[in-house]
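Only one structure is covered here, and it is reproduced in the block below.
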Amino acid sequence: MKTMLSGIKPTGKLTLGNYIGAIRQFAKYQDEYEMYIFIANLHAITIQVDPKELKKNTRDLVALYLACGLDPKKTTVFLQSDVHEHAELGWILTCHSYMGELQRMTQYKDKTAKGETNITAGLFTYPSLMAADILLYDADYVPVGIDQKQHVELARNIAERFNNRYGETFTVPEPLVEEVGAKVMSLTEPTKKMSKSGDDEKCVIYLLDDPKAARKKIMSAVTDSIGIIQYDVENQPGIANLLTIHSTLTGESIDSIVERFKGKGYGDLKKEIGDNIEKFLTELQGRYNEIINSGICEQVLEEGRLKAGKLAHKKLMKVKKRVGFQIFN
Ligand code: TYM
């Protein structure tokens, strides 16, 4: 069985973008792959976060993973900080990453371009740690949204570099980016990504939003003056985004939705999508509330820590031997 691995940072509240671009894939593939899904809390502190908020977001993320359909019998769910091998391999791989390639990562470039002055060294070396997350488990595939593809490609390069220098050590991973839903856009500025840190609450749907309020956000989503329901990302990015959201949540193809809405108005489309989002969130939050009150999350993370830890330990030992840290045999 091939291995799949991915993670999400517990910074900010989880969005519909995180669900559509990432978690939905995790749940879909867990029957076919050996699945490792973690909470990237080491990555979370590359920016300044309030410890209380980090705790709450971490708990919410575990419960939401399960509420979104991750089955702990099939998927190993764990906290990145519980498996110290991530940090250790992260350092080793930082020493195999070049300044130039880290400088080319768009996430880092965007932050520097905005003139942010509080960029930490951790934020800069973030992709090397991400490579360690992936390579520790010999992941064949890494399901991510489009914004993380470049980081997975860097992990591939680092794996190949390491293998060439020291002999076959790591599986070279491949990013898995879905055709539809890899970049869910802002509801108010549909040429920008829907993100956890959007300034305007109306631009983003959070998985723990009040379902009725989420419906309203869909109803007030920015569209265009063309007035025809069709999938045209360039000229009608708002409508294209709504069609993407609806298609990924219902499983109906975009073509089929467009066909059904021939001759109808944007209001009709928004109403159907809004109703569906309201139902989706109500059901999801019902499961989330049950899970968060059941105490199961702690047990899931403990089992995950043990299972992931065993594998990570074995791989790190091999790496240490390769680089010359193991001196007596
Ligand atoms: P993070 O926490 O920013 O995002 C988690 C996942 O959600 C996807 N995503 C989206 N997909 C579609 N549309 C959107 N608007 C949208 N917003 C976010 C992201 O692409 C991602 O898949 N560095 C990673 C976490 C990480 C990781 C890893 C992932 C750490 N180590 C190893 C994979 C493998 C991150 O910050 O994702």
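The values are calculated or read from the model by the stated rules, or taken from the named source; none is laboratory data. Keep in mind that what you see is a predicted model, and the values were worked out from it rather than measured. When we count neighbours, we look across all protein chains shown, and the Cβ atoms used for this are built from the backbone with ideal geometry, even at glycine. Remember, those area values only see protein heavy atoms, side chains included, never the ligands or the DNA or RNA. Shrake-Rupley method; radii C 1.70, N 1.55, O 1.52, S 1.80 Å.
For the chain, with only Lys/Arg (+1) and Asp/Glu (-1) charged at the beta-carbon, what is the dipole magnitude about the Cα centre, in debye rounded to 20? The partial results should precede the final answer.
Values: 44 positive and 44 negative charges, 143 e Å.
Dipole about the Cα centre, nearest 20: 680 debye.
Here the label points at Lys114 and Asn276, each 7 Å from Cα along the C-beta direction, are separated by 3.1 nm in the simple model. Centroid-to-centroid, using Cα positions, segment 43-58 and segment 122-184 are 23 Å apart.
What is the percent carbon and sulfur in the accessible area of the chain, measuring with a 1.4 Å probe over the protein chains and ignoring ligands?
On the way: 8220 of 16090 Å².
After summing per-atom areas, the C and S share lands at 51 percent.
Note on segment 212-268: dipole from Cβ charges, positive end direction compared against Ala214, Ser256, Asn235; the farthest Cα belongs to Ala214. Computed about the Cα centre, the dipole magnitude for segment 201-287 is approximately 300 debye when only Lys and Arg (+1) and Asp and Glu (-1) carry charge, each at its Cβ.
Where the alpha-carbon atoms of segment 211-289 are placed on the principal axes, they occupy 41, 23, 21 Å, in descending order. In this simple spin-label model, placing a label point 7 Å from the Cα along the Cα-to-Cβ direction at both Tyr166 and Met219 gives a separation of 5.8 nm. The length gained by stretching the chain between Ile254 and His96 to full extension, at 0.36 nm per residue less their Cα-Cα distance, is 52.5 nm.
Return the calculated 222 nm mean residue ellipticity for the chain, to the nearest 500 deg cm²/dmol, obtained by summing -39500 (n - 2.57) across DSSP H runs with n ≥ 4 and dividing by the residue count.
Working: 13 runs with 170 residues, N = 329.
It comes out at -16500 deg cm²/dmol, rounded to the nearest 500.
From most to least packed by mean Cβ count within 10 Å, the peptides 82-88, 285-291, 130-136 give 130-136, 82-88, 285-291.
Could you give the DSSP H helices of the chain that reach 30 angstrom or more along their long axis (alpha carbon positions) and whose average Kyte-Doolittle hydropathy is no lower than -1.0?
Qualifying helices, which must be both long enough and hydrophobic enough, are 266-294, 296-323.
Cα extents for the chain along the principal axes, largest to smallest and rounded to whole angstrom: 75, 45, 39. In segment 145-191, taking the dipole from charged Cβ atoms about the Cα centre, the farthest positive-side position among Ile146, Met185, Thr169 is held by Thr169.
Between Val323 and Glu153, what FRET efficiency follows from the Cβ-Cβ distance if R0 is 30 Å, with the result rounded to 0.05?
Working: r = 23 Å, r/R0 = 0.78.
Once rounded, the FRET efficiency stands at 0.80.
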